[in-house]
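The values are calculated or read from the model by the stated rules, or taken from the named source; none is laboratory data. Model, not experiment: these values are computed from the prediction. So basically every Cβ, Gly included, is an ideal-geometry build from the backbone, and we count neighbours across all protein chains shown. To get the accessible areas, we keep the full protein, side chains included, count just its heavy atoms, and leave off ligands, DNA and RNA. Shrake-Rupley method; radii C 1.70, N 1.55, O 1.52, S 1.80 Å.
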Amino acid sequence: MDKLGVDLPLLLSQIVNFSLLAILLNMFLYKPILNALQARSERIRESLDNAEKVKQQLARVDADYDAKLQEARREGQTIISQAQERARAQEAELLVVARNNAAKIEEEARNKAEQDRQQMLRGLQGQLASLVTETASNVLGRELQTKGHDELINKSIDQLGRLN
Amino acid sequence: MSTKRKVIIAVAITAVIGIALRRFLPVGTPLVSVRAEELFHIGGYTVTNSLVLTWLVMALLIVLSVIGTSKLRSGNTEALKQPRGLQNALEYAVEMFYNTMQGVSPKFAGRFFVVVATIFFLVLPSNWFGLVPGVGSIGLCYSHSAEHAAAPNYVATAGISTDIAEPVVAAAAEGGNYTHNCPSGTAFHPFLRSGSADLNMTLALALISFAVTEFWGFRSLGLGYLGKFFNFKGGAIQFAVGIIELVSEFARIVSFAFRLFGNIFAGEVVLLVMAFLFPTLLSLPFYGLELFVGLIQAFVFAMLTMAFIDMAAESHGDHGHEEHAH
């Protein structure tokens, strides 16, 4: 062993060297770096998890938004259709009322016209009687006496009335 | 000028320089010493050149770690979010090694990471520092006779200087064992030597690896761990297998120590011999090879330690049930 240069103090000093180096490197190299690597991988996992979460949240918000939009659209549609229906009903109602009114007005007008005509006819009968009498008296002259001809006058008035 | 032509010209020029160096500045005999050379003594405590380089490597590692992780240790969130520069490089190295170890032993990688990672991060630079020019070639001539003398004999500061070729040749001719341009009676001691090229360090690491493995075996299986080696229940064959296991357990120390030492030391010898045969170019491919070998050996040492720890914790086949019943 001596020829190979193996020497107990040197051997021991190399063992001590190694132990010292192991302790120091553990303190200054392995521990800080392995801890850092672990911390980094944890941080990366965390970030990825967070990103996933945010993505899911975003998707949820998106879905919510879409749903709300759809609902609003549907509501709007129903409101419009309701309004349209109501308007149609109102229109029909109004039409009926207007038609009734118109019919009423027409009838009133007709009645009034009839009344007017009757009145006018009645007036005309009176006037016509006097006019006929007058004309007849004018034509027949002075010979004809009013007295004694009442029968003839009435007959002609009746004829007039029948003509009408 | 095409790249190919540039390469050819560069190679030709280097070859010419090599020939010139060979002709006018002859190199000394290559110096090979299995032992790590002593440099000085501190109160009866011998300091070798491999110990000095190990200290340098340790200091370098610690300084780099302290600087590189200072922001992380102070709780800087910006450094946590975005690693930069040295911190990033250290993180990369540690994380890659951690993942590799987790591939070897998913259960115990975290628990024994300090041991295997320190083996890797100490052995790798130790291997590579042996390849730095100047390591193993710059030094002093020490007097042979005063082997334990504190003061070296400053005969000639030879180093890589090759200008005093005559004495070297003379010394070599005289049959001096360790001649490196040093006068006879003295030996060249380089200031630095790769820690892995010294059996003290590789044996120390092997013993640590062995101790941790056995500790974990006993810790996880209790005294039943011994049942692996002293098997009286399975008949003669099982008993023999157990004894073989026991022998191989201890043989691991030797194989660990000599695998690393042999690879790195042999690599340095190869580089030395190649540089001796021809000063330039020749050692270039071997440099690439040695870089690779240095990485592989550091990795193999750490990975085998991890694998043995993993194996020690698992109970052996039918014994497992008995151990759990106890």
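Which residue, A:Asn50, A:Ala87, A:Ala39, has the largest displacement toward the positive end of the dipole of segment A:8-163 when charges sit on each Cβ (Lys, Arg +1; Asp, Glu -1)?
Towards the positive end, the residue furthest out is A:Ala39.
I need the fraction of alpha carbon pairs in the protein assembly as shown separated by more than 39 Å, rounded to a whole percent.
57 percent
In straight Cα distance, which lysines are under 18 Å from A:Lys155, not counting same-chain residues fewer than 8 positions off?
Reachable lysines: A:Lys147.
Count, for each residue of A:15-23, the Cβ atoms from other chains sitting within 10 Å of its Cβ, then give me the mean as a whole number. Don't skip to the end; give the middle numbers.
On the way: counts 8, 1, 9, 11, 3, 3, 11, 8, 2.
Counting Cβ atoms of other protein chains within 10 Å of each residue's Cβ and averaging gives 6.
Just the ratio, please: alpha-carbon radius of gyration of segment B:169-302 over 2.2 N^0.38 Å, N its number of residues. Write out the running numbers ahead of the final one.
Values: Rg = 21.8 Å, N = 134, 2.2 N^0.38 = 14.1 Å.
Rg over 2.2 N^0.38 Å, computed on Cα atoms: 1.54.
Counting only protein chains, not ligands or nucleic acids, how are B:Arg5, B:Arg35 ordered by accessible area (probe 1.4 Å), most first? Mind dumping the intermediate values first?
On the way: B:Arg5 150, B:Arg35 80 Å².
My answer, sorted largest first, is B:Arg5, B:Arg35.
With unit charges on the beta carbon (Lys/Arg positive, Asp/Glu negative), name the residue among B:Val254, B:Met96, B:Leu223 whose Cα is farthest towards the positive pole of the charge dipole of the protein assembly as shown.
Of the options given, the answer is B:Met96.
Pick out, in residue order, every one of the trypsin sites (Lys or Arg not before Pro) in segment A:1-94 that is DSSP loop and has at most 10 other C-beta atoms within 10 Å; say none if there are none.
A:Lys3
Do the sum for the protein assembly as shown: with -39,500 (n - 2.57) for every DSSP H run of n ≥ 4, divided by all residues, what is the mean residue ellipticity at 222 nm, to the nearest 500 deg cm²/dmol?
On the way: 14 runs with 342 residues, N = 490.
Mean residue ellipticity, 222 nm, calculated: -24500 deg cm²/dmol.
Just counting partner chain Cβ atoms within 10 Å, what average do the residues of peptide B:55-62 show around their Cβ?
Numbers: counts 3, 0, 2, 6, 1, 0, 5, 7.
Per-residue shielding by partner chains comes out at 3.
Rounded to the nearest 20 Debye, what is the dipole magnitude of the protein assembly as shown about its Cα centre when Lys and Arg each give +1 and Asp and Glu each give -1 at the C-beta? Let's see the in-between values first.
Values: 41 positive and 44 negative charges, 186 e Å.
The dipole of the protein assembly as shown has a size of about 900 debye.
Between B:Leu25 and B:Val7, what is the spin-label point distance in nm, taking each point 7 Å from the Cα along the Cα→C-beta axis?
Label-label distance for B:Leu25 and B:Val7, simple model: 2.8 nm.
Picking from A:Asn100, A:Gln159, A:Tyr30, whose Cα lies most toward the positive end of the charge dipole for segment A:8-163 (charges on Cβ: Lys, Arg +1; Asp, Glu -1)?
Towards the positive end, the residue furthest out is A:Tyr30.
If you put +1 on each Lys and Arg Cβ and -1 on each Asp and Glu Cβ, how big is the dipole of segment A:8-163 around its Cα centre, in Debye rounded to 20? Each step should come with its number before you reach the end.
Details: 22 positive and 22 negative charges, 149 e Å.
Once rounded to the nearest 20, the dipole reads 720 debye.
Share of Cα-Cα pairs in chain A beyond 20 Å, in percent? Mind dumping the intermediate values first?
Numbers: 10957 of 13366 pairs.
Summing the P(r) tail past 20 Å for chain A gives 82 percent.
Specify the inter-centroid distance of segment B:221-270 and segment A:1-46, based on alpha-carbon positions, in whole Å.
About 25 Å separates the Cα centre of segment B:221-270 from the one of segment A:1-46.
Taking amide H positions as placed in the peptide plane 1.01 Å from N, state which residues far from B:Thr29 in sequence (5 or more) or on other chains have amide H under 5 Å from it.
B:Asn181
Mind pulling up the Rg/Rh value for segment B:242-317? Radius of gyration and Kirkwood radius, both on Cα.
With Rg and the Kirkwood Rh in hand, the quotient comes to 1.19.
For a quick protection proxy, order the peptides B:226-234, A:115-123, B:15-23 by their average other-Cβ count within 10 Å, most packed first. Please report the intermediate quantities before stating the final value.
Details: B:226-234: 15.1, A:115-123: 10.4, B:15-23: 12.8.
Highest to lowest by the protection proxy: B:226-234, B:15-23, A:115-123.
Run through segment B:239-281 and list the GluC sites (Glu not before Pro) located in a DSSP loop whose Cβ has at most 10 other Cβ atoms within 10 Å. Kindly include the intermediate steps, with their values, before the conclusion.
Values: sites: B:Glu245, B:Glu249, B:Glu268; in loops: none.
When the GluC sites (Glu not before Pro) of segment B:239-281 are filtered for loop state and at most 10 Cβ neighbours within 10 Å, nothing remains.
Using a 1.4 Å probe on the protein heavy atoms only, what accessible surface does B:Thr29 show? Give it in Å² to the nearest 10.
For B:Thr29, the solvent-accessible surface is approximately 50 Å².
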